[in-house]
Amino acid sequence: MEQTVDRASLGAFLRARREALQPEDVGLRRGSRRRASGLRREEVAELCDMSADYFARLERGSGPQPSQQMAAAIARGLRFTPDERDHLFLLCGHRTPSRHLHTEHVNPGLMRILDRLQDTPAQVMGPLGETLLQTPPAVALLGEQTHYTGEARSASYRWFTDPTARRLYLPDDHRLSSRVHVAILRAASTREGPRSQAARLVAILLRQSTEFASLWDQQEVGLSWSHAKRFVHPQVGRLDLFCQNLHDPDQSQSLLVFTATPGTDSYDKLALLNVLGADSFPTG
């Protein structure tokens, strides 16, 4: 049962966490005239995708009860640990998040790293290939991937059901990529059990994709992604990149960072994409 929001305690908690954070903790620059001991309310509002007035009212204890979605946004914006996030939900009058929302909450350590990679293609991925956060250069390289809903949030689902999902990748690599997608889903569904989200996704793909069903019958396990990634970008063409994968076992999330070898054609093209920005990736 939902509880009543504890506005006084919520305000005190938010104020203390805001004042404890420094601009460098969230990837912001510290101006020479800065006087605030922690983050400004305007900065927190931007990080949490809300108005500064709304956040100020929450701190004063006079704001409305935050929804679960808003509480999750605050937890992400203020870089809360899982324990801090659960405490926030209780103060807001909600149960602690479900397992699904637990996997949606980006690990603070990964976020701190991502904050320092704003000039590099990097993104945080969930356990089933859900893109949780992207840097602007990652959007320029791969397109916006955080807006999907339902099963389409999974890169594996899109790979087998949406022909456009493969356009960015070299055709010679498609077969191996399909096998890796299947092997990863097999491991996830086995690890998490027959009632898990992974098992549900497998059942859906078995019905919707003959390619997935054929590969599933081959019973392959232990396949993993290569660090070498070969892209065919719609604006700059062929890119040969290196993908470093930093895995967080507690949250089942990964931080992917894409780089190119200095002095190569791909290095120059990646630099060009960073200059062009997210608008360089067509959405049509």
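The values are calculated or read from the model by the stated rules, or taken from the named source; none is laboratory data. Here the structure is a predicted model, which means the values were calculated and not measured. Backbone-built Cβ (ideal geometry, glycine too); neighbour counts: all protein chains shown.
Quick check on this structure: which one of R167, R116 is of a type in the set (D, E, K, R), touching a residue at least 12 places away in the same chain (Cβ under 8 Å) and over 26 Å from V232 (Cα atoms)?
None of the other options fit; the residue is R116.
Go through the range 170-200 residue by residue and tally those that are touching a helix residue (DSSP H, G or I) at 6+ places or on another chain (Cβ under 7 Å), modelled with pLDDT of 95 or more and not polar (S, T, N, Q).
Residues flagged as touching a helix residue (DSSP H, G or I) at 6+ places or on another chain (Cβ under 7 Å), modelled with pLDDT of 95 or more and not polar (S, T, N, Q) within the range 170-200 amount to 4.
Could you please let me know if L114 is under 24 Å from R29 (Cα atoms), buried (at least 21 other Cβ atoms within 10 Å of the Cβ) and among the aliphatic types (A, V, I, L, M)? Spell out how you get there, then give the answer.
Working: under 24 Å from R29 (Cα atoms): yes; buried (at least 21 other Cβ atoms within 10 Å of the Cβ): yes; among the aliphatic types (A, V, I, L, M): yes.
Considered against the rule, which asks whether it is under 24 Å from R29 (Cα atoms), buried (at least 21 other Cβ atoms within 10 Å of the Cβ) and among the aliphatic types (A, V, I, L, M), L114 comes out as yes.
Being hydroxyl-bearing (S, T, Y) and either in a helix (DSSP H, G or I) or under 25 Å from the mean Cα position of the chain (by Cα) (or both) is the filter; apply it to the range 240-268 and report the residue that is surrounded by the most Cβ atoms within 10 Å (Cβ to Cβ). First the steps, then the outcome.
Our first condition is that a residue be hydroxyl-bearing (S, T, Y); within the range 240-268, this holds for 252, 254, 259, 261, 264, 266-267.
Filter again for either in a helix (DSSP H, G or I) or under 25 Å from the mean Cα position of the chain (by Cα) (or both), leaving 252, 254, 259, 266-267.
Working: S252: 17, S254: 18, T259: 15, S266: 20, Y267: 16.
Within the range 240-268, the match that is surrounded by the most Cβ atoms within 10 Å (Cβ to Cβ) is S266.
For Y54, which of the numbered conditions (1) surrounded by fewer than 15 Cβ atoms within 10 Å (Cβ to Cβ); (2) free of Cβ contacts under 8 Å to residues at least 24 places away in the same chain fails to hold?
Tallying (1) surrounded by fewer than 15 Cβ atoms within 10 Å (Cβ to Cβ); (2) free of Cβ contacts under 8 Å to residues at least 24 places away in the same chain, Y54 fails exactly one: (1).
When you go through E151, E130, E84 one by one, which is the residue that is of a type in the set (D, E) and under 13 Å from the mean Cα position of the chain (by Cα)?
After ruling out the rest, the residue left standing is E130.
I'd like to know if the range 269-279 contains one or more residues that are surrounded by fewer than 16 Cβ atoms within 10 Å (Cβ to Cβ), in a strand (DSSP E or B), touching a helix residue (DSSP H, G or I) at 6+ places or on another chain (Cβ under 9 Å) and not aliphatic (A, V, I, L, M).
No: the range 269-279 contains no residue that is surrounded by fewer than 16 Cβ atoms within 10 Å (Cβ to Cβ), in a strand (DSSP E or B), touching a helix residue (DSSP H, G or I) at 6+ places or on another chain (Cβ under 9 Å) and not aliphatic (A, V, I, L, M).
Does L39 count as of a type in the set (A, V, I, L, M) and touching a Pro at 6+ places or on another chain (Cβ under 8 Å)? Explain how you work it out, then say what you get.
Values: of a type in the set (A, V, I, L, M): yes; touching a Pro at 6+ places or on another chain (Cβ under 8 Å): yes.
Answer is yes for this residue.
May I ask you to list pairs of residues, at least six apart or on different chains, whose Cβ atoms are under 6 Å apart, with the first in the range 225-250 being in the same structural domain as R166 (by TED's automatic domain parsing) and the second being assigned to a loop (DSSP other than H, G, I, E, B) and of a type outside the set (A, V, I, L, M, F, W, C)?
Within 6 Å, the pairs are P234/P282; F242/H227; C243/H227; D248/N107.
Looking at the range 101-136, which of the residues that are in a helix (DSSP H, G or I) and β-branched (V, I, T) is modelled with the lowest pLDDT?
Going residue by residue through the range 101-136, those that are in a helix (DSSP H, G or I) are 101-104, 108-115, 136.
From what is left, the residues that are β-branched (V, I, T) are 103, 113.
Details: T103: 59, I113: 88.
Applying the filter and picking the extreme gives T103.
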